[in-house]
1. For each of D313, D219, count neighbouring Cβ atoms within 10 Å of the residue's Cβ, then give the residues from fewest to most.
2. Which order, highest average first, do 278-287, 338-347, 355-364, 50-59 follow once you tally other Cβ atoms within 10 Å for each residue and take the mean per peptide?
3. Say we join alpha carbon atoms closer than 10 Å with springs in a Gaussian network model of the chain; which of A89, A263, A139 then has the biggest fluctuation?
4. Return R233, R366 ranked ascending by Cβ neighbour count within 10 Å, so the fewest neighbours appear first.
5. Hey, can you grab everything whose amide H is under 5 Å from the amide H of K69? Only 5+ residues off in sequence or another chain; H modelled, so Pro and N-termini drop out.
6. Using 7 Å Cα-to-Cβ label points, what is the K211/A375 separation (nm, one decimal)?
7. So which of K136/K406; K160/K204; K160/K210; K23/K406 end up more than 18 Å apart by C-alpha?
8. Pick from K23, K148, K310: which residue has the top mean-square fluctuation in a GNM of the chain where Cα pairs under 10 Å get a spring?
Amino acid sequence: MGDQLLIKNAAQVVTPLGHTAIKGAAMKDVKVYENASVLIEDGHIVAVGDGAEWAKTVPADKQIDATGKTVLPGFVDSHTHFVFGGYRADEFLWRMEGMTYMEIMERGGGINNTMKATRNASAEELIEHSMDILEKMLAFGITTVEGKSGYGMDHDTELKQLEVMKELEQRQPVEIVRTFMGAHSIPPEYKGRNEEFLEFLVKKVMPDVKKADLAQFCDIFCEKGVFSIEESRKYLQQAKDMGFDLKIHADEIVTLGGAELGAELGCTSADHLLHASDEGIKALANSDTVATLLPTTAFCLKEPFAPARKMIDAGCAVALATDFNPGSGFTNSVPLMIALGVIYMGMTAEEAITALTLNGAAAVGRADTIGSLEAGKQADLVILQYPSYKFLPYHTGVNIVETVIKKGKVVHQA
């Protein structure tokens, strides 16, 4: 008998089912077990169901009584920029006063502000800063997070960010999926020389990232004034040829065709999508690319939300993520994200759960091992303090996660 854990007598155990992203109308078909238990052994789920017999064989000190509570898969935050130096609180308030992005840039703000602070920070300073962020994510029930580089846009800082994430995974329980995003913007030293900058990343930085196995994914900010469709296509194809899986920041500010490009190239996810075209939505629905929506960023920027209802009705696989970053969305609040998804984006509570669990796992290429509560999957779970999953949107903007379990171990208790 291996190392066991029994979560017993839960009012509800709620989970999507499957090992791939769930599309369209099926996103609302979550399985709800009433008065159920979850049996875990050696960090993996053995079974979900009536736990009366299991309770007789599992030691008492390895049992958690979840009477009156709800059990869900651990949340997967599939798009963040959580390793960075410095803060940009002043810029946030400037934006609230109506200052434009270019005006903020002229004041020394924007991504270049974070770039300077991140370049100047030591690896240990970034680790200390990020540990605090990850602890807060864990308290919200996030058991797996994707983290991007992109605040160096040079060789050494890009590798430093990714190395920090690799080290962080050894120091704390949240699983980290690493994404190389050197193509986050144009650094000042390459202003007006996009093609030369991308060539530098491909020839000088990405080979070292790949050699050291520092990132699974490669991402690019495909946007007007940043990287064009043509530049993004060439760059991502080169990354794919080097063995990276692909992601794309797409159609955030204008309708550019990023959603279509993400589907064309077989990106694991296309993210943001506030201004995705009807053709782009159709392309995503006809592909295996997950549409990852970031409602807290739209909220903080006072922009229209991505059309989640339209995308789900069209047959897309939709994920939700926080986009936690120091500029456009300095929040990792899962309760806020769920509230925005349900109240303002037209998602059902069930769809939001699928988006934040199994589809989030698919958006980082891990739906085969995490994202649902099924026999054989990794035992990543959250226990809510209320008897129904419906309290997630109902108790609006309030964190109701009581216990977090990662790989069969209790790693957080409120």
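Any read-out appearing in this document is the output of simple, stated calculations on the displayed coordinates, not a laboratory observation. Quick caveat, the model's predicted, so the values are computed rather than measured. Please note: Cβ atoms are built from the backbone with ideal geometry, for glycine as well, and neighbour counts cover all protein chains shown.
1. On the way: D313 14, D219 29.
Starting with the residue having the fewest Cβ neighbours, the order is D313, D219.
2. Working: 278-287: 19.2, 338-347: 21.4, 355-364: 31.7, 50-59: 13.8.
Ranked by mean Cβ neighbours within 10 Å, highest first: 355-364, 338-347, 278-287, 50-59.
3. Of A89, A263, A139, the most mobile in the Gaussian network model is A89.
4. Numbers: R233 18, R366 21.
By the 10 Å Cβ count, ascending, the order reads R233, R366.
5. Placed amide hydrogens put A11, Q12 under 5 Å from K69.
6. With each label placed 7 Å out from Cα toward Cβ, I get 4.7 nm.
7. Values: K136/K406 15 Å; K160/K204 15 Å; K160/K210 14 Å; K23/K406 26 Å.
In this structure, K23/K406 lie more than 18 Å apart at Cα.
8. For the chain, modelled as a Gaussian network with Cα springs under 10 Å, the answer is K310.
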